[in-house]
Every structure is written in C-alpha cells, then in structure tokens.
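Peer 1: One structure, as structure tokens, below. Some questions next.
The values are calculated or read from the model by the stated rules, or taken from the named source; none is laboratory data. All values derive from a computational prediction rather than experimental measurement. Here the Cβ positions follow ideal geometry from the backbone for every residue, glycine too, while neighbour counts run over all protein chains shown.
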Amino acid sequence: MAEVTGTGRVKRGMAEMLKGGVIMDVVNAEQAKIAEDAGAVAVMALERVPADIRAQGGVARMSDPDMIEKIQASVSIPVMAKARIGHFVEAQVLQSLNVDYIDESEVLTPSDYENHIDKWNFTVPFVCGATNLGEALRRINEGAAMIRSKGEAGTGDVSNAMMHMRKIGGEIRRLSSLREDELYVAAKELQAPYALVKEVAETGKLPVVLFTAGGIATPADAALMMAMGADGVFIGSGIFKSGNPAQRAAACVRATTFWDDPKVVADASRGLGEAMVGINVADLPAPHRLSERGW
Amino acid sequence: MKVGVLGLQGDFREHINSLIACGVDVAPVRRIEELNDVDALVIPGGESTTIAHLAQTFEIFDEIKTRIASGMPAYGSCAGMILLADQILDAPKDQKTFGGLDIVVRRNAFGRQVDSFESDLEFKDGFPGLLKAVFIRAPWVEKTGAGVEVLASMQSHPVAVRSKTLLATSFHPELTGDHRIHQYFVDQVARPALKKVQ
C-alpha cells in the first residue's frame with residue numbers, strides 16, 4: 001500500500017479540480033483574501049501584476065518567499081507562484097515553500113533563452129504558457145501538467161488570448177482529421193513528439209487541462225474564453241487594476257460558470273465600475289510582447 | 001433513476017462520464033429546475049469554497065441542503081465530501097456546507113499539493129475490492145457520528161464513509177477510469193434509498 005507522491009495523475013488531477021474556475025493574480029494577503037471570498041479556485045502569488053511589470057520595466061523575478069508564505073497563511077485555496085522560464089532553482093525554491101503549482105511564466109524575464117525547466121524532476125506540478133499546439137506539446141513533453149494559452153499579459157486586450165485559443169483548437173481539430181500515416185509529418189511540422197501528436201489526434205484534446213490567460217478583463221471576456229473551449233481562466237491585472245476588485249472578481253467567477261447564459265453574463269457585467277485601462281496589443285512594440293517568450 | 005452532477009465548478013464532466021458508464025441517466029445541475037429533475041446528486045471534486053460560493057450566489061444552496069436533509073441520495077468526492085459534512089475544520093470562518101452527513105471533516109488534512117498522492121486502498125467487506133485511490137489536497141474524516149459507517153481508512157483516518165443515503169470519499173474515483181465506487185453509489189446507496197421513499 002505504498003503512497004506515491006508527484007505522479008502524473010496527481011499532478012494533472014490537481015488541474016482537473018480547478019476546471020470551470022478563475023485563478024487570480026494577487027500581490028499580498030489582503031488581495032488573496034478578497035480573491036478567495038469572491039470564489040477564486042486558486043491565487044497566483046506574484047510581486048507585481050503584469051500591467052505593473054509592463055509599466056515599470058526592469059527584470060521581473062520570482063516573488064519573495066515571505067510574501068508567498070503570508071499569502072499561503074491567509075487563504076485555504078491553492079496558492080500558485082511564478083518562476084522564470086528555465087530557472088530551475090527558482091522552481092526548487094518554490095517547491096520547498098510548498099506552493100501548490102508553479103507557473104513557468106513568460107510574464108517574468110526568462111533566465112534561459114533555449115531551454116525550459118525539466119519539470120519531470122519535480123513533485124510539484126507545473127503550468128506553462130503556449131501560443132500554439134506544438135508549443136503546448138513541447139511543454140507537456142517536458143512535464144507540464146497543465147497548459148494555459150498565453151494571450152498578452154498585462155494589456156486587458158483579449159485579442160491575443162482569442163488568437164491563441166483559436167490556434168490551439170484549430171490545430172487539434174486538424175490533427176483529428178488526418179490519416180494515421182500523415183501524423184509523422186504533422187509531428188515534424190508541429191515540432192512535437194510523435195506519441196503526443198498521436199494521442200491528441202485520437203482523443204481530440206490536449207492530454208492536460210487547458211486554461212486561458214493574458215488580457216482577460218471583464219466577465220464577458222471570461223465567458224468568451226470558456227466558449228472557445230478553455231477549461232478555466234487566469235485573470236492577472238484585470239481584477240486588482242480595476243475600480244472595484246471584489247465585485248469584479250465575483251462577477252468573473254459567475255460568468256465563468258454560466259458562460260453559456262448571456263443573461264447571467266449581463267447581470268455579472270452590471271455596475272462594475274471602471275475596468276483596467278488597458279493597452280492595445282497592436283500598439284506594443286514587438287520586444288515588449290511577452291507571448292513571444294518561450295520556445 | 002436520474003442522477004445529477006453539480007456542475008458549478010470542478011471535475012463534474014469526469015463524474016458524468018463515470019455515471020454514464022454505470023448505465024444511469026445523468027444530467028449536469030446548475031439551476032433549481034435542473035435539481036428538481038433529478039433523483040440523486042453527485043458533488044464533484046473542485047474547490048469547496050468556490051462551489052459553496054456559487055451555490056449561494058445562484059440560490060441553489062438552500063434547495064440542495066433541503067433535498068439532502070429530506071433523503072435525496074448524494075455522493076461527494078473530495079470537495080464533495082467537505083460539502084456533505086455537518087462540520088468542517090480548517091475552513092474560512094463563514095464557509096457553509098450542505099451537510100447531512102454526521103461527520104467532522106478536516107480540509108486539506110493530508111497537506112498541500114506536494115503531499116498529494118495515490119495509493120492502493122482496501123475497503124471493508126462487501127465493498128468492491130482494492131482500489132487505486134487518488135488523493136489531491138485531500139480532506140479526511142476526523143470524527144463520525146451515529147449512523148455513519150467507515151468504509152475505508154488511510155493513515156488511520158476514515159477516507160470513505162456512508163450513511164443510509166449519503167456516500168463520501170476523500171479521493172477521486174472519477175480520475176481513474178475505475179467506476180466501482182460510482183456503481184456502488186448507484187446500486188448500494190441511491191437505489192435502495194429511493195425504493196424506500198416510493
């Protein structure tokens with residue numbers, strides 16, 4: 001009757017429990033409490049929300065362990081934290097702090113411009129961003145137990161999240177339509193392992209939970225992403241950069257559950273005050289686009 | 001018999017698939033009309049705080065509580081176990097549960113995600129054999145009241161319990177493709193309970 005930790009089923013299963021929920025970026029214990037009270041399924045502890053990282057510039061890194069522990073102490077829901085792409089020591093630190101999930105995130109400044117973290121070496125599960133199916137499968141091959149479409153973090157502009165969800169969904173649908181003897185070339189084109197490509201072609205979905213992120217700012221944005229096939233939603237700057245965070249957080253949770261009922265989404269959208277101001281992704285100079293980080 | 005699966009948040013689709021494999025009619029339940037249309041309810045894994053929050057927001061909370069109190073068979077896994085417990089520990093101060101099962105449950109009792117594990121689990125006689133059990137930030141039962149039977153334990157804490165009409169597990173049979181727990185709920189809990197009512 002051996003008890004085994006860190007199995008694929010335990011890591012991927014954790015993400016299954018988050019489905020249909022909203023994961024919110026928080027920078028302190030007070031915000032974490034507001035998120036929990038509003039019905040968030042988890043919080044992402046980080047030093048600065050993406051909009052501030054964008055505004056202030058500089059190198060963005062893993063958060064202070066003190067801050068993460070304060071957040072862990074203040075809520076009973078899962079606490080996630082971000083490590084830089086390829087920074088396996090930051091990830092080891094986060095694992096030693098007992099965070100519930102690590103986001104190897106393009107929102108932070110990458111530490112390695114060629115390799116991602118070998119995530120199989122960890123007991124704690126990882127979520128990674130992807131802009132297309134090949135990228136998602138490469139991350140899964142490295143041990144990611146959950147994928148989120150990247151979108152463009154810190155903008156409040158949902159267009160890139162939309163583009164990435166359409167891209168991932170479209171590529172999955174295309175794989176399902178191929179003959180079996182065409183999957184070898186498909187794997188070559190996707191730059192992804194054949195075994196994973198074959199699995200996706202057979203099941204018509206990713207082998208892990210797919211959330212969406214990057215630019216979601218309103219209840220209708222959240223519902224849109226669910227309608228596009230997301231299993232759930234990350235909201236970063238959209239909540240605590242808005243006029244009334246508690247109310248907006250609860251509204252986004254409601255719209256995520258009842259994404260297919262426009263009346264509920266309408267009610268959730270009423271009287272929320274100001275949304276985060278936002279930046280059009282098209283106005284961002286290419287080097288400032290976070291979604292292009294990751295390889 | 002039609003079994004509903006509370007579909008506000010969590011892995012309700014996996015429960016629906018398991019129940020379909022058991023050969024019963026299944027429907028997701030998010031609204032009161034949908035609840036009124038089912039004979040039994042499964043409460044899935046997920047975040048118990050979120051599910052309770054959404055149930056209250058959409059005014060289905062009291063209705064579920066009343067139905068369970070008046071004998072509707074129900075099964076809860078993990079978060080579902082928490083929501084069926086009369087009393088919970090290590091929860092936010094104002095967290096409510098549907099209740100009905102006279103147990104005290106400790107949330108996240110086995111630890112955080114790095115402590116999540118899978119293990120073979122032995123059940124008491126009459127239950128369908130050894131099972132691969134997946135525990136994810138799982139609760140355990142701290143105390144059981146009269147009329148609650150312990151079906152399985154882990155680290156000397158009950159992790160599967162039942163009363164006449166209710167079944168609860170700390171672990172997630174819906175994630176393993178093994179439908180024996182769902183079959184047990186349908187055949188040994190829900191059907192006998194409903195027969196008595198009629």
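Peer 1: Any residue in region B:49-72 that's more than 12 Å from chain A (Cβ to nearest Cβ): show its pairings with residues that are surrounded by fewer than 19 Cβ atoms within 10 Å (Cβ to Cβ) and of a type in the set (Val, Ile, Thr) at Cβ separation under 7 Å, as long as the two are six or more apart or on different chains.
Peer 2: B:Glu63/B:Ile32; B:Gly71/B:Val197
Peer 1: Follow-up question, since we're still on this one. Just wondering, is there one or more residues in region B:178-191 that are part of a strand (DSSP E or B) and not charged (D, E, K, R)? Steps first, please.
Peer 2: Looking only at region B:178-191, we keep the residues that are part of a strand (DSSP E or B), and these are none.
No, region B:178-191 contains no residue that is part of a strand (DSSP E or B) and not charged (D, E, K, R).
Peer 1: Can you give me the number of residues within region B:38-48 that are part of a loop (DSSP other than H, G, I, E, B) and away from chain A (no Cβ under 13 Å)? Full working, then the answer.
Peer 2: The initial filter retains those residues of region B:38-48 that are part of a loop (DSSP other than H, G, I, E, B), namely B:38-39, B:44-47.
With the extra rule that they be away from chain A (no Cβ under 13 Å), the set shrinks to B:38-39.
Total meeting the criteria: 2.
Peer 1: Looking at (1) surrounded by fewer than 22 Cβ atoms within 10 Å (Cβ to Cβ); (2) in contact with a Gly (Cβ under 6 Å, 6 or more places away or on another chain), find the lone condition where A:Val253 falls short.
Peer 2: (1)
Peer 1: Here's a follow-up. If we scan region A:49-65, do we find a residue that is within 14 Å of chain B (Cβ to nearest Cβ), modelled with pLDDT of 95 or more and under 26 Å from B:Ser116 (Cβ atoms)? Spell out the reasoning first.
Peer 2: So in region A:49-65, the residues within 14 Å of chain B (Cβ to nearest Cβ) come out as none.
Checked against the condition, which is being within 14 Å of chain B (Cβ to nearest Cβ), modelled with pLDDT of 95 or more and under 26 Å from B:Ser116 (Cβ atoms), region A:49-65 yields no hits at all.
Peer 1: Here's something else I'd like to know. Quick one: A:Leu206 ticks every box in (1) in contact with an Asp or Glu (Cβ under 6 Å, 6 or more places away or on another chain); (2) assigned to a loop (DSSP other than H, G, I, E, B) except a single one, so which number is it?
Peer 2: (1)
Peer 1: Of all residues in region B:97-110 being in contact with a Phe, Trp or Tyr (Cβ under 9 Å, 6 or more places away or on another chain) and not in a strand (DSSP E or B), which is farthest from B:Ala52 (Cα to Cα)?
Peer 2: Initial filter on region B:97-110 (in contact with a Phe, Trp or Tyr (Cβ under 9 Å, 6 or more places away or on another chain)): B:98, B:105-106, B:109-110.
Next cut, not in a strand (DSSP E or B) only: B:98, B:109-110.
On the way: B:Phe98: 8, B:Ala109: 19, B:Phe110: 22 Å.
Looking at residues that are in contact with a Phe, Trp or Tyr (Cβ under 9 Å, 6 or more places away or on another chain) and not in a strand (DSSP E or B), I get B:Phe110.
Peer 1: Filter region A:1-13 for residues that are at the interface with chain B (Cβ under 7 Å from one of its Cβ atoms) and either under 21 Å from A:Val107 (Cβ atoms) or not in a helix (DSSP H, G or I) (or both) and give the result. Lay out the reasoning, then the answer.
Peer 2: Let us first name the residues in region A:1-13 that are at the interface with chain B (Cβ under 7 Å from one of its Cβ atoms), namely A:1-5, A:7, A:9-10, A:13.
The answer is A:Met1, A:Ala2, A:Glu3, A:Val4, A:Thr5, A:Thr7.
Peer 1: A further question follows. Does B:Ile43 satisfy being under 24 Å from A:Phe258 (Cβ atoms), surrounded by fewer than 24 Cβ atoms within 10 Å (Cβ to Cβ), under 13 Å from the mean Cα position of the chain (by Cα) and touching a residue at least 40 places away in the same chain (Cβ under 8 Å)?
Peer 2: no
Peer 1: Does region B:1-37 hold any residues that are at the interface with chain A (Cβ under 9 Å from one of its Cβ atoms) and part of a strand (DSSP E or B), and which are they?
Peer 2: none
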